[in-house]
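I have placed the structure first, in the form of structure tokens, so that the comments after it can refer back to it.
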Amino acid sequence: MVFQPGQSGNPTGRPRGSVNKSLLMLRQATELVLPLVVARALNGDVEAQKLVLERGLPKLKPVELPIEFSLEDGETAPARAVLLQAAAGELPLSHAEKLMDTLLPMIQQEEKAIARKALTYGNAYLDSVTARVNSI
């Protein structure tokens, strides 16, 4: 017998929201045992303290603090600023790596746009862009 899509194979099965009996018993046991474990932990039982700390608190994850850095004007200046600040130790390397991953596609697009304009307007445009970049 093939069931229709979206229909249960057992329409009179377990009702929604019902709880497994084993799970219900475990929850009730936990409600009885937990205060005893906490009391023992407060009285100096090292194993109980370890259990409460391991199971009662979320695991800590390393978090990098946000940092401030400055970006200069110009096409490649933001990438140069990130590299200079990372080299000076003002910017964590992991932050610099993420920033460079974000900046590189933008720089590549800018390079393509400059190349297109250079083909259209000649070397004078390319010379003006080069002068701006070198002045940074």
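Multiplying the residue separation of ILE107 and MET25 by 0.36 nm and subtracting their alpha-carbon distance yields 23.4 nm. Note that segment 16-28 has calculated 3J(HN,Hα) couplings of 4, x, 6, 10, 4, 4, 5, 5, 4, 5, 5, 4, 5 Hz, one per residue in order, obtained from phi through the Karplus relation 6.51 cos²θ - 1.76 cosθ + 1.60 (θ = phi - 60°); glycine and proline are x. If the chain linking LEU57 and VAL33 were pulled fully straight, counting 0.36 nm for each residue of separation and taking away their Cα-Cα distance, it would gain 6.9 nm.
Each reported figure results from applying straightforward, stated rules to the coordinates on display, with no laboratory input. Because the structure is a prediction, the values reported are computed rather than measured.
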